[in-house]
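Only one structure is covered here, and it is reproduced in the block below.
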Amino acid sequence: MKILVTAGPTREHLDPVRFLSNRSTGKMGYAIADVARLRGHDVQLISGPVSISSPASIVCSRITTAQEMHDLVLEQLPDMDVLVMCAAVADWRPCEVSRHKLKKNAMQSTLPLVRTADILEAVQRIRRPEQIIVGFAAETHDILSYARDKLDRKGMDLIVANDVSRSDAGFGADSNAVTLIDKTGAICELPLQSKHEVAKKILDWVELHAQKIHANASLR
Ligand code: PMT
């Protein structure tokens with residue numbers, strides 16, 4: 001299959017030296033890309049700024065902002081069988097980006113922000129029904145109920161609910177503990193394990209789901 005994976009954070013600049021971002025290191029998304037490549041899939045990675053290097057023989061496009069990730073995902077999606085949105089995309093950006101470093105005396109104590117484009121909401125409008133869309137939900141509380149809400153609202157096939165309040169899971173850790181929830185409501189809890197093991201389980205679900213889609217198509 002052709003699989004598009006997004007990973008890492010985005011950066012939303014205020015001026016040439018300051019930006020809004022988050023703690024994503026890219027480890028989870030890169031693990032998914034790596035496992036998919038090892039299983040023989042054709043993998044494209046879109047990555048925000050991270051310090052880890054991209055897995056060997058994977059085409060990796062580097063972006064900085066949510067808008068850049070949005071534009072590249074929408075451009076590449078038509079050619080894909082699967083999209084895995086693991087990136088921690090900023091939800092807000094500063095209203096204005098200054099070309100010059102802002103002097104602290106000229107700065108206000110409040111920062112006017114605007115919403116960034118929601119990539120998965122845009123994907124929902126243009127996706128083909130047979131494409132498989134996987135998203136993540138990074139939450140600190142009421143994890144399953146927020147994840148279910150995102151699954152429905154953003155029209156995903158599978159959501160990976162990630163408790164990011166733990167130090168051994170979520171942002172930065174080499175391990176993760178997540179719950180997979182599919183659009184039928186089926187739930188699979190994955191206790192603490194390496195991000196590579198989590199990536200394998202997500203890919204298992206994707207491959208099984210793809211087989212079902214093809215079996216249904218050949219019955220028609
Ligand atoms: O990179 P690591 O350090 O390994 O950490 C991994 C991780 C914690 C970043 C990863 O496991 C994870 O949870 N990724 C999703 C982070 C996130 O942005 O979650 P969210 O609940 O804010 O967003 C929900 C979904 O919408 C996500 O699939 C996100 O990619 C997508 N989104 C968000 C904002 C936006 N403007 N457009 C989007 O499509």
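Scanning region 137-157 for residues that are part of a loop (DSSP other than H, G, I, E, B) and surrounded by fewer than 20 Cβ atoms within 10 Å (Cβ to Cβ), we see that the one that is nearest to the ligand (Cβ to nearest atom) is K154. The residue list V160, V164 contains one member that is closer than 14 Å to A31 by Cβ and either within 12 Å of the ligand (Cβ to nearest atom) or among the aromatic types (F, W, Y) (or both), which is V160. Only one entry in E12, E68 is closer than 21 Å to R127 by Cα and not aliphatic (A, V, I, L, M), namely E68.
Report yes if A90 is aliphatic (A, V, I, L, M) and either more than 9 Å from the ligand (Cβ to nearest atom) or not in a loop (DSSP other than H, G, I, E, B) (or both), otherwise no. It is false that A90 is aliphatic (A, V, I, L, M) and either more than 9 Å from the ligand (Cβ to nearest atom) or not in a loop (DSSP other than H, G, I, E, B) (or both). Among the residues of region 79-113, write down those that are free of Cβ contacts under 8 Å to residues at least 40 places away in the same chain and in contact with a helix residue (DSSP H, G or I) (Cβ under 9 Å, 6 or more places away or on another chain). The answer is D91, and nothing else.
Checked against the criterion of being within 9 Å of the ligand (Cβ to nearest atom), among the aliphatic types (A, V, I, L, M) and assigned to a strand (DSSP E or B), region 116-131 contains not a single residue that satisfies it. Taking each residue of region 14-39 that is more than 15 Å from E207 (Cα to Cα) and looking for partners that are within 8 Å of the ligand (Cβ to nearest atom) and of a type in the set (K, R) with beta-carbon atoms closer than 7 Å, six or more apart or interchain, yields K27/K195; M28/K195; A31/K195. Determine, yes or no, whether V134 is touching a helix residue (DSSP H, G or I) at 6+ places or on another chain (Cβ under 9 Å) and in a strand (DSSP E or B). Taking the combined requirement at face value, the residue satisfies it.
Scanning region 98-115 for residues that are assigned to a loop (DSSP other than H, G, I, E, B) and either surrounded by 14 or more Cβ atoms within 10 Å (Cβ to Cβ) or within 15 Å of the ligand (Cβ to nearest atom) (or both) yields a total of 2.
Taking region 26-62 as the range and being among the polar types (S, T, N, Q) and within 16 Å of A87 (Cβ to Cβ) as the test, the residues that pass are Q44, S47, S51, S54, S61.
Determine, yes or no, whether A177 is surrounded by fewer than 20 Cβ atoms within 10 Å (Cβ to Cβ), within 11 Å of the ligand (Cβ to nearest atom) and in a strand (DSSP E or B). Here the answer is yes, as A177 does meet what is asked. Checking region 10-20 against the condition returns a match, with at least one residue being within 15 Å of the ligand (Cβ to nearest atom), among the charged types (D, E, K, R) and farther than 29 Å from H209 by Cβ. Against the numbered list (1) in a helix (DSSP H, G or I); (2) under 25 Å from A122 (Cβ atoms); (3) without any contact (Cβ under 8 Å) to a residue 12 or more places away in the chain, V206 comes up short only at (3). For V43, the conditions (1) touching a helix residue (DSSP H, G or I) at 6+ places or on another chain (Cβ under 6 Å); (2) within 12 Å of the ligand (Cβ to nearest atom); (3) not aromatic (F, W, Y) are fulfilled apart from (2). Considered as a group, the residues in region 85-104 that are under 24 Å from S47 (Cα atoms) and small (G, A, S) include one that is nearest to the chain's Cα centre (by Cα), and that residue is A87.
Every number in this text was worked out from the coordinates using simple rules, so none of it is lab data. Owing to the predicted nature of the structure, the values given are computational and were not obtained by experimental measurement. Cβ coordinates were reconstructed from backbone atoms using ideal geometry, including for glycine residues, and neighbour counts include every protein chain displayed.
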